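A quick write-up on the structure given underneath.
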Amino acid sequence: MSREPDSTLDAPRPRLLVVDDQPLNIQALYRLFAGDHQVFTATTAAQALKVANDQRPDLILLDLELPDDDGLSVCRQLKAQEGTRDIPVIFVTAHGNVEVETVGLEAGAVDFIHKPIHPPMVRARVRTHLTLKHQADALRRMAFIDGLTGLHNRRALDERLQVELRHAARQGDSVAVALVDVDHFKRYNDQYGHLAGDEALRQVAAALQRSMLRPVDMAARYGGEEMVCLLPQTEAQGAQAVGERLRAAVEALALPHPQSSAAPVLTISVGVAAGRGRVDGDPTALLQAADQALYEAKRMGRNRVVV
Ligand code: GH3
Ligand code: MG
Ligand code: MG
Ligand code: MG
Ligand code: MG
């Protein structure tokens, strides 16, 4: 006998952080949400910041008056940090008035709830803000992720590259890029059709992703059948080694490509460039250098890495 799939098991439970110094308040909110949410708790400002950073909840219910610092300051700190900036904060306070609420909203909160709490209203507000957060997350993903391959898109790459170049300029570090272009991909499409071409691009993308070992590295679809691996804090020599790993990983996919000049399988050419970074963070020069190297790789017969 087949069972109906339990939809509550499919969607991950929303993650809430409840911050309050009064055990009774924590208990009340915990009981209200624990059934269908994952609830974390904190009783001080310091603890709230730590749990928010460690757990990255979907929403924070934040008491305005805490023993070690006030909720406003906690909220401002959350909004100033990259990793916690996008978590909606709802203030919960016994002393709400329009002045306090105005300051709270200016500190980055999305809403106010007054104590003593009215449970159905609290649940309704939390549900609304979780839905908005969910939608905002989806939009952010769509804005920065390539739909075909799941890699980052050009916009995400450009933004990240600027950040890394500025960072490198300050630190005296080197940033490297590996520009990847599929060899004779037009012929591949001609031979197997565009849908098979799309599938090959997905597999190449996955192979690149698997070949990058550090969490700071980023793979992006640059356009068409060109992809870029961004390698922060990497010199030309290290980048060449990564490029070679990328090349070998795609060759190892062994996707048949009888029309390829380089091998009877689908291959890539890789152009690598490294730079010290610039304070103005202009990525053009670095990508141009990589493009030049890629052109050389093609000219020398493809399925190779050129620095
Ligand atoms: P080369 O070795 O010189 O790079 O040859 P190439 O045929 O790969 O180069 P060219 O730039 O002439 O052609 C790239 C081809 O990639 C053309 C286009 O049809 C194909 N392509 C670009 N984007 C996509 C895509 O999203 N899906 C599929 N299936 N093909 C794509
Ligand atoms: Mg309090
Ligand atoms: Mg191309
Ligand atoms: Mg080309
Ligand atoms: Mg190509």
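The values are calculated or read from the model by the stated rules, or taken from the named source; none is laboratory data. Only a predicted model underlies this, so the values are computations on that prediction, with no experimental measurement involved. No Cβ is skipped: glycine too gets one built from the backbone with ideal geometry, and neighbour counts run over all protein chains shown.
When the residues of segment 44-59 are filtered to those that are buried (at least 18 other Cβ atoms within 10 Å of the Cβ) and either touching a residue at least 60 places away in the same chain (Cβ under 8 Å) or touching a Pro at 6+ places or on another chain (Cβ under 7 Å) (or both), the one that is farthest from Gly71 (Cα to Cα) is Asp58.
Between Leu24, Leu78, Leu64, Leu72, which is more than 16 Å from ligand 5 (Cβ to nearest atom), more than 24 Å from Asp137 (Cβ to Cβ) and touching a Ser or Thr at 6+ places or on another chain (Cβ under 6 Å)?
Leu64
When every residue of segment 160-175 is checked against the conditions, at least one turns out to be modelled with pLDDT under 95, touching a helix residue (DSSP H, G or I) at 6+ places or on another chain (Cβ under 8 Å) and part of a helix (DSSP H, G or I). Ser269 meets the conditions (1) within 14 Å of ligand 1 (Cβ to nearest atom); (2) without any contact (Cβ under 8 Å) to a residue 40 or more places away in the chain; (3) of a type in the set (Gly, Ala, Ser) in every case but one. The failed one is (2). All conditions but one from (1) within 16 Å of ligand 3 (Cβ to nearest atom); (2) surrounded by 13 or more Cβ atoms within 10 Å (Cβ to Cβ); (3) not basic (Lys, Arg) apply to Gln209; the one that does not is (1).
Under the condition of being surrounded by fewer than 16 Cβ atoms within 10 Å (Cβ to Cβ) and free of Cβ contacts under 8 Å to residues at least 60 places away in the same chain, which residue from segment 115-125 is farthest from the chain's Cα centre (by Cα)? The qualifying residue farthest from the chain's Cα centre (by Cα) is Pro116.
Only residues that are in contact (Cβ under 8 Å) with a residue 12 or more places away in the chain and surrounded by fewer than 18 Cβ atoms within 10 Å (Cβ to Cβ): list them for segment 89-109, please. Passing the criteria: Ala94, His95, Gly96, Val100, Val103, Gly108. For Ser211, the requirement of being hydroxyl-bearing (Ser, Thr, Tyr) and touching an Asp or Glu at 6+ places or on another chain (Cβ under 8 Å) is not met.
For Arg166, are the conditions met, namely being touching a His at 6+ places or on another chain (Cβ under 8 Å) and in contact (Cβ under 8 Å) with a residue 40 or more places away in the chain? Quick ask: steps written out before the conclusion?
Numbers: touching a His at 6+ places or on another chain (Cβ under 8 Å): no; in contact (Cβ under 8 Å) with a residue 40 or more places away in the chain: yes.
Here the answer is no, as Arg166 does not meet what is asked.
Examine segment 67-83 for a residue that is surrounded by fewer than 18 Cβ atoms within 10 Å (Cβ to Cβ), without any contact (Cβ under 8 Å) to a residue 12 or more places away in the chain and more than 16 Å from ligand 3 (Cβ to nearest atom), and state whether such a residue exists. Yes, segment 67-83 contains a residue that is surrounded by fewer than 18 Cβ atoms within 10 Å (Cβ to Cβ), without any contact (Cβ under 8 Å) to a residue 12 or more places away in the chain and more than 16 Å from ligand 3 (Cβ to nearest atom). When restricted to residues that are buried (at least 21 other Cβ atoms within 10 Å of the Cβ) and within 16 Å of ligand 3 (Cβ to nearest atom), segment 243-269 contains 9. Annotation note: of Arg160, Arg187, the sole residue that is charged (D, E, K, R), surrounded by 13 or more Cβ atoms within 10 Å (Cβ to Cβ) and under 30 Å from Ser260 (Cα atoms) is Arg187. Cβ separations smaller than 9 Å between residues 6+ apart or across chains give the following pairs from segment 23-43 residues that are surrounded by fewer than 18 Cβ atoms within 10 Å (Cβ to Cβ) to residues that are among the polar types (S, T, N, Q): Pro23/Thr43; Tyr30/Thr41; Asp36/Thr8; Gln38/Gln55.
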